[in-house]
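Report on the following structure.
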Amino acid sequence: MSEEKKDTAALEDLSLPAPKWDNPSVPVHPLNGERYTSKEFFQKEFDTVWAKSWLLLGRESEIPKPNSYQVENVGPESILMVRQDDYSVRAFFNVCQHRGSRLTFSRDGETNSFTCPYHGWEYATDGQLIKAQDPEDFPRNPCEYVTLVELKCELFAGFVWVNMDTDCESLRDFLGPVWEDWERYRPDDWQRFTAMTVNVPCNWKVLQDNFCESYHLPTVHPQLRESHEESYQKTSFDVCNEGHSRMIMLGATPSETQYGPEPPLTEGLSERLKLWDLDPADFEDRALEARKALQEQMRRVGPERGHTHYGNLRDEQLTDAHMYNIFPNCSLTFGADGVLLQRMTPHPTDPEQCVFDHWYYAFTPPNGEDVLRAQTNVRVDAKGAEQEFFDYGDRPMGIIPDQDVAITTGQQLGLRSRGFQRATAAGQEDRISWLHSIIDEYMNGQRP
């Protein structure tokens with residue numbers, strides 16, 4: 001956040017809720033099963049949506065030095081992100097320009113060059129071909145003109161963003177109001193605490209749809225009533241013309257809707273109060289007042305404990321879940337000190353499979369990581385956690401993602417049925433309709 005914006009944050013009333021987005025009218029979408037099962041739809045969607053959108057792919061802190069790199073796969077494409085000598089990051093298709101071999105099969109690392117395993121063509125980290133076998137046997141030495149194919153690449157919020165469309169708009173224009181919201185957290189240096197990449201038997205949109213609504217929470221995640229107010233009537237929903245959506249749900253509070261007007265002070269909330277030197281006994285009969293007390297205490301003592309970014313955050317950002325659905329395939333839920341990134345990417349060939357990334361990035365509190373665990377309902381492992389790769393069902397991901405994926409894989413089975421013609425959606429599920437309306441606009445050539 002710039003000094004000018006820090007000054008603006010100091011002058012604004014941080015007790016006020018976030019300004020509403022532009023909220024264009026959302027047409028009700030039929031959401032028929034073909035969108036999740038058809039190979040023809042799947043291919044057209046990749047060519048018009050995935051190949052034309054800004055994609056959140058890498059993390060700056062994981063390629064910290066020149067010559068460090070990350071590789072991420074998106075459907076049939078593999079993309080190489082490399083830190084340059086000037087500390088910029090460039091992105092390339094991970095494919096040798098000789099005869100199309102995959103250039104590297106590593107997920108990450110450090111190297112001075114990339115050598116194709118097939119015929120030994122060698123590329124510098126800036127994409128230039130620097131060595132080819134028998135160059136005199138070509139009409140012209142390939143090292144004089146061959147390069148890796150480069151993609152558009154920008155950095156924001158500590159993430160590496162890539163776009164396969166060389167004529168794309170800027171990342172800032174693509175993100176719209178999301179940009180300013182995220183700047184407040186100053187997440188650029190947040191580190192990885194959990195990283196799971198899981199092969200899941202459902203279309204990528206089934207998971208993204210799930211993260212675009214909170215209607216399922218009381219049924220699928222009943223334990224959330226201990227820490228969040230799940231009622232749609234007390235939750236703020238927004239969509240923006242750029243294609244993204246936002247949900248702000250009351251946190252650090254038991255659910256009045258689920259428990260009644262005098263909810264109990266739950267164990268998790270009691271522990272969170274203690275971490276901020278508040279006595280749970282003071283809230284035993286007034287649990288609904290704990291949220292406001294936490295906001296005041298975090299603002300009062302947070303900066304002296306190293307949480308200097310609290311000075312930029314609205315009161316609601318200190319306690320409430322701020323979920324952003326970034327078109328097309330990411331859902332990020334911010335707490336005061338961390339963000340849960342859930343990212344879905346399509347299988348290379350099968351519309352009924354996807355890859356699900358469940359990662360948690362966070363500020364490293366000087367007073368210990370318990371503060372992070374108290375802010376979120378998902379698993380927080382340890383700073384610098386190794387990335388795990390596995391098939392769904394082989395091992396647990398944690399209670400929340402296990403609940404989500406169990407439901408969505410079952411939904412994929414129903415979406416194949418002749419008995420399902422179209423969805424019957426509630427108003428609080430409008431963000432799903434918005435996602436699919438934007439997909440249709442890309443597929444029909446109305447966007448980007």
Net charge, E62 excluded, C-beta distance under 9 Å - Lys, Arg +1, Asp, Glu -1: 0
Within the chain, helix-based [θ] at 222 nm, where runs of 4 or more DSSP H residues each add -39,500 (n - 2.57), nearest 500: -7000 deg cm²/dmol
Cβ-based exposure ranking for L288, L80, in which fewest neighbours within 10 Å come first: L288, L80
Centre separation in Å (Cα based) which lies between segment 206-260 and segment 325-390: 18
Charge dipole of the chain about the Cα centre (unit charges at C-beta), most positive-ward option of T333, T345, V380: T345
Among E226, E289, E316: highest mean-square fluctuation, GNM of the chain, C-alpha pairs under 10 Å: E289
With at most 12 other Cβ atoms within 10 Å, longest stretch of the chain clear of loop chymotrypsin sites (Phe, Trp or Tyr not before Pro) (DSSP): 146-448
Isotropically averaged projected area of the chain, using the convex hull of Cα atoms (one quarter of hull area), nm²: 23.2
Bins of 5 Å from zero: percent of alpha-carbon pairs in segment 56-167: 2, 12, 23, 24, 18, 11, 6, 2, 1, 0
Choice from C354, C212, C240 showing the highest fluctuation, given a GNM over the chain with Cα pairs closer than 10 Å: C240
Normalised convex hull volume, segment 239-294, alpha-carbon set, Å³ per residue: 107
Residue pairs, from the table K234/K292; K44/K205; K205/K234; K20/K234; K65/K152; K52/K152, whose Cα atoms sit over 22 Å apart: K205/K234
Whole-angstrom Cα spans of segment 341-393 along principal axes, big to small: 47, 20, 19
Of T424, T408, T111, the one that fluctuates the most in a GNM where the chain has Cα springs shorter than 10 Å: T424
Cα gyration tensor of segment 115-256 - equivalent ellipsoid semi-axes, whole Å, descending: 47, 19, 15
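Since every read-out is calculated from the coordinates, none of them should be taken as a lab result. Everything numeric here is computed off the predicted structure, so don't read it as measured data. All Cβ positions, glycine included, derive from the backbone under ideal geometry; neighbour counts span all protein chains shown.
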